[in-house]
Amino acid sequence: MKRSIGILLLGLSCQAFAGGPGQPLTLQEALALLRAQNPTLASARAHMAAVQAGETTAKLRPNPVLSLANEDFNVFNPSKFDIANGQEFTDNVAFLMERGHKRLRRMEDAQLTTLVAGHTYRDNQRQLELLLKTAFVGMLQAKAALKLAQENLSDYSRTLEANQLRLQSGDISQTEFDRIKVEEARFQTDLLNADLALAQTRMQLATLLAVQEQSSLDIQGTLDRPALSLDAVKLRAAALATRPDYLAAVEGVRKAQADLALANANGATDVTLAPEYKRNGPDNTLGFTVQFPLRVFDRNQGEKLRTSRELEASRFAESAARQQVISDVDQSFAAFQTALRRADLYSTDYLQRARLVRDRTEFSYRNGATNLLDYLDAVRSYRDVELAAISAESQLLLAVHQLSFATATELLP
C-alpha cells in the first residue's frame with residue numbers, strides 16, 4: 001500500500017513538472033524523474049514484464065486430447081439405421097504424461113530467464129543514470145562558466161572604460177587602446193560559448209527526462225568537491241556484489257545449467273495414456289491405449305550438446321565479466337585520484353596566484369609601471385586558470401559519478 005502511494009505521488013509530481021515550469025531540480029529529483037519518465041526505461045520495463053510472462057507458459061501442463069470415432073451410420077439406407085444396435089462408438093481422452101521433470105525444468109529455466117532480464121534492466125538504468133549525471137554536471141559547469149564569463153566581461157568593460165579615459169587624457173595611445181578593445185572579443189566569445197554549452201546540456205537533460213518544455217528545465221547544485229574516503233579493495237568487493245551486468249553473467253551460468261537440465265529432460269520419453277469407452281451395437285466396453293515414441297534416432301542429442309557448449313561459454317563469459325568489473329573499478333579509481341589532485345592544485349594554489357598576478361599587473365599598468373603586453377598576458381592567464389579550475393571541479397564530480405557507475409553504488413551522500 002505504501003509503495004503504491006509512493007508511486008502515485010511520484011507520478012503526480014512528474015506530471016506537475018512536465019505540465020509547466022517547476023522548481024530547479026536537484027540531482028536526486030532528476031534521477032527520480034528519469035526512472036519515472038524516461039521512455040527507454042519504460043520500454044525496458046515492459047520487455048522485462050513480457051519476459052516474466054514466460055513463467056506462466058512454462059508452468060502449464062499439456063492439454064488432454066479428446067478423440068471421438070463414431071462409425072457405421074447407414075445414412076443411405078434409413079430403414080437399417082439403428083443407433084442403439086447398429087452403430088459403433090469409440091471415444092477416448094488422451095493424457096500426455098511428461099517424464100524427466102520437464103515441467104519443473106521449464107519453470108526453473110523461465111524463472112532464471114526473468115532474473116537475467118531483471119539484471120539487464122537494472123544495467124540499462126545504471127547506464128542512463130550515468131548519462132543523466134554527466135549531463136547534470138555539464139549543466140552545472142556551463143552555469144558556472146556562464147557566470148564567470150559575465151563577471152569577466154563586466155570587469156573587463158570597466159577596465160576598458162578606465163582606459164577610454166586614459167586615452168582621452170593622453171596617457172595611452174590609440175593603438176594601445178585598440179589592442180585592449182580587441183581583447184574584449186575573447187571575453188564575449190567566452191560568454192557565447194558558455195551560453196551555448198548551457199543550452200546544449202539543458203537539451204540533453206530534457207531528452208533524458210522526457211520534458212517537453214525545455215526552457216523551463218533548471219537544476220540546482222554546486223561543483224563543490226565531495227568529502228570521500230575510498231578504498232580500492234572495498235570498491236572492488238562492492239562492484240562484484242552489486243554490478244548488474246556481472247550479476248547477469250553469474251545468473252547466466254545458472255541459466256545455462258538450467259538449459260542443459262531442460263535439454264536432458266526433453267530427452268526423456270513421454271507416455272500418452274488414453275482411457276477409452278467403446279460401444280459396438282448393444283455392447284459397452286472400456287479399454288485404454290498407451291503410446292510412446294521409440295527413441296531410436298532422436299534422443300535430443302543436438303540440444304544436449306548445444307546447451308553443454310553454451311554452459312561452457314557462459315562460464316568463460318562470467319570470468320571475463322568479473323575481470324572487466326575489476327578493471328573498470330581500478331581505472332575509475334585511478335581517474336578519481338588524478339582528478340582529485342588536479343582539483344587540489346587549482347583550489348589551493350594556482351587560482352589564488354593567478355588572481356594576485358592579475359591584480360598586481362593591472363595596478364602596475366594603470367600606474368605606468370608595466371607595459372600593455374604584460375597586462376594582457378596576466379588577464380588571459382587568470383581567465384584560463386579560472387576556466388581550468390571550473391573544469392577541474394567538474395572533472396572531479398564526473399570521476400566520482402564514473403566510480404559510482406563502475407561499482408553500481410552511490411558514492412555521493
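Values in this text are rule-based calculations from the coordinates and carry no lab data. It should be emphasised that the depicted structure is a prediction, and the values quoted were computed from it without experimental measurement. For neighbour counting, all protein chains shown are included, and Cβ atoms are generated from backbone atoms with ideal geometry for every residue, glycine included.
Enumerate the amide H contacts of Val271 below 5 Å, restricted to partners 5 or more residues apart or on another chain; note that Pro and chain-start residues carry no placed amide H.
Distant-sequence amide H within range of Val271: Met97, Arg99.
Given +1 on the Cβ of Lys and Arg, -1 on the Cβ of Asp and Glu, and no further charges, what dipole in debye does region 108-238 carry about its Cα centre, rounded to the nearest 20?
Once rounded to the nearest 20, the dipole reads 260 debye.
Tabulate in residue order the Karplus-calculated ³J(HN,Hα) for region 167-174, using 6.51 cos²θ - 1.76 cosθ + 1.60 with θ = phi - 60°, rounded to whole Hz; enter x for Gly and Pro.
5, 5, 8, x, 6, 10, 8, 5
Between Arg99 and Ala50, take the C-beta separation as r, use R0 = 30 Å, and let me know the FRET efficiency to the nearest 0.05.
The value I calculate is 0.50.
I need the phi-derived Karplus couplings for region 48-65: 6.51 cos²θ - 1.76 cosθ + 1.60, θ = phi - 60°, integer Hz, Gly and Pro marked x.
Going residue by residue, I get 5, 5, 5, 5, 5, 4, x, 5, 5, 5, 5, 8, 6, 8, x, 6, x, 10 Hz, with x marking Gly and Pro.
Name the residue from Ser319, Ser364, Ser308 whose Cα lies farthest towards the positive end of the charge dipole of region 303-413, charges +1 on Cβ of Lys and Arg and -1 on Cβ of Asp and Glu.
So the residue we want is Ser364.
Enumerate the amide H contacts of Ile219 below 5 Å, restricted to partners 5 or more residues apart or on another chain; note that Pro and chain-start residues carry no placed amide H.
Hits under the 5 Å cutoff: Leu25.
With +1 on each Lys and Arg Cβ and -1 on each Asp and Glu Cβ, how big is the dipole of region 159-198 about its Cα centre, in debye rounded to the nearest 20?
Here the size comes out at about 60 debye.
From the backbone phi of region 336-341, what are the Karplus-calculated ³J(HN,Hα) couplings (6.51 cos²θ - 1.76 cosθ + 1.60, θ = phi - 60°) in whole Hz, Gly and Pro given as x?
5, 4, 5, 5, 5, 5
Under 5 Å between amide H atoms, partner at least 5 residues away or on a different chain: which partners does Asn280 have, H built in plane at 1.01 Å?
Phe89, Thr285
Compute the FRET efficiency between Arg341 and Ser229 as 1/(1 + (r/R0)^6), taking r as their Cβ-Cβ distance and R0 = 22 Å, and round to the nearest 0.05.
0.90
Would you mind putting 284-290, 405-411, 394-400 in packing order, based on average other-beta-carbon counts within 10 Å, highest first?
Descending packing order for the listed peptides: 394-400, 405-411, 284-290.
Which Cα, out of Thr159, Gln331, Tyr277, lies furthest along the positive dipole direction of the chain (beta carbon charges, K/R +1, D/E -1)?
The Cα lying farthest towards the positive end belongs to Tyr277.
Just order 335-345, 254-264, 227-237, 378-388 by mean Cβ neighbour count inside 10 Å, highest at the front, would you?
254-264, 378-388, 335-345, 227-237
Magnitude of the Cβ-charge dipole of the chain, K/R +1 and D/E -1, about the Cα centre, nearest 20 debye?
So the dipole magnitude of the chain works out to roughly 820 debye.
If you wrap a convex hull around the alpha carbons of region 253-378, what volume per residue comes out, as a whole number of Å³?
263
Tell me the label only: which of (1) 21.6; (2) 23.7; (3) 28.7 is Kirkwood radius over Cα pairs in Å as calculated from this structure?
Label (3) holds the value from this structure.
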